[in-house]
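The values are calculated or read from the model by the stated rules, or taken from the named source; none is laboratory data. What you are looking at is a predicted structure, and each value in this text was computed from that prediction instead of being measured. Heads up, the Cβs are rebuilt from the backbone with ideal geometry, glycines too, and the neighbour counts pull from every protein chain shown.
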Amino acid sequence: MKSNFLVLAILGLAAACSDEPERDWNAVENGGPGLGSQRDGGAPDGSKVNGGDVDVCGKHSVRAAMATADMLIVLDRSGSMAPGGNETRTDRWSGSRNAVVEVTSQFDDSINFGLMTFPENKGGGGGRDELDVATQCGAGTINVDIEPNAGDAIRNALTPMRAAGYTPTAATLEAALAIIGEPASADQGVTSPKYILLVTDGDPNCSADFEGVGGGGGGAGAAVDPRARMETIAAIDKLTEAGVRTFVVGFQTGQSSFAEQLDKMAAAGGTGETKHHSVESGNDLAQVFAELAGRAKSCSFQLAATVDPKFVLVTVGKKPRKLNNQPDGWVLGGDKKTVTLTGTACEDAQKGQLFEVEVQCEPVMVI
């Protein structure tokens, strides 16, 4: 795990709450005494903070680590990604594959990438008739494990693949959770921020009682699978609850009949976004992917202790930023320790403005 330690965060317990002396509550490795979670109001001496029994407050500084993000690319290889499988006759598969190879190579030394393609990759490609329904609707499987410097492995995995089959998005995201949702090991110094980058061109189908009827692309003549749609949202909700944030990118989906469904998926992803990213070409996808990878790379910071977001004030350049506000805010990871800046807040931090976190004794209200 690569990390650059920066003295960037001020984790303060506002001194106005009491006259107690300043104390060192920095987290200690191997289970030693630390700040204690504000979720239960615990301080190391047994007193309470954030509305607990005793007001104990004292300013102190801690070190924050710039955390190396884990990003699992979940890439649709259904039949509609092939030139003959969609109404525009666009080779969406080659464009997507090339974009993934380009951007994973670009960010190879700063993000831990992994690759999962769906539906299940058996036999490489061919027309739909070459695959039985079980395979066409098979959940995606991991092609490249999440690891540092995975760019070459991802390129090698994608090179022989072709597009075929339906769009089992829900089952694939369930499988992705089992891979990327694993908690960090106890001896890992920094918990990596975790992301899914979902790239698809189709409406989710392949629910348990639908079996992909109507095709994989959700284009003209394709039947809608309401249950698969609901199951996909539920799978993304589970990822978000586990601290995994999901970006949703659609290939030529902006004017599709299922664009609203992809927007709902994006809104459930825990990134602060309310719309999916629609791209028209492989070049567009590369640009969007690079933007999202840059956000994951540069704007996640690991605090020395868990916090309750209700009591946390985040400022960049001395300006308060809103929780879960994509244009100019921040989100807290499922580990309750990883702060990720979004939108303008991220851009300002990248420009060198001071990033500060203060834990207060009263709930924080940022207008």
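Of the numbered criteria (1) hydroxyl-bearing (Ser, Thr, Tyr); (2) without any contact (Cβ under 8 Å) to a residue 60 or more places away in the chain; (3) under 24 Å from Thr169 (Cβ atoms), the one Thr271 fails is (2).
Hey, can you tell me all the residues within segment 100-122 that are assigned to a helix (DSSP H, G or I) and touching a strand residue (DSSP E or B) at 6+ places or on another chain (Cβ under 8 Å)?
From segment 100-122, those assigned to a helix (DSSP H, G or I) are 100-106; that's our starting set.
Scanning segment 100-122 gives Val100, Thr104.
Restricting attention to segment 179-199, the residues being aliphatic (A, V, I, L, M) and at pLDDT 65 or above number 6. Selection of segment 299-311 for residues being surrounded by 17 or more Cβ atoms within 10 Å (Cβ to Cβ) and either free of Cβ contacts under 8 Å to residues at least 12 places away in the same chain or closer than 23 Å to Ala267 by Cα (or both) yields Cys299, Ser300, Phe301, Asp308, Pro309.
Just to be sure I understand, how many residues within segment 139-154 are farther than 30 Å from Ser207 by Cβ, aliphatic (A, V, I, L, M) and assigned to a helix (DSSP H, G or I)? Outline the logic, then answer.
The initial filter retains those residues of segment 139-154 that are farther than 30 Å from Ser207 by Cβ, namely 147-153.
If we keep only those that are aliphatic (A, V, I, L, M) as well, we get 150, 153.
With the extra rule that they be assigned to a helix (DSSP H, G or I), the set shrinks to 153.
Result for segment 139-154: 1.
Pro320 passes every criterion in (1) under 17 Å from Arg295 (Cα atoms); (2) at pLDDT 85 or above; (3) surrounded by fewer than 18 Cβ atoms within 10 Å (Cβ to Cβ) apart from (1).
Among residues of segment 72-92 that are closer than 26 Å to Pro148 by Cβ, those with a beta-carbon under 9 Å from a residue that is among the basic types (Lys, Arg) and in a helix (DSSP H, G or I) at least six positions away or on a different chain give the pairs Leu75/Arg97; Asp76/Arg92; Arg77/Arg97.
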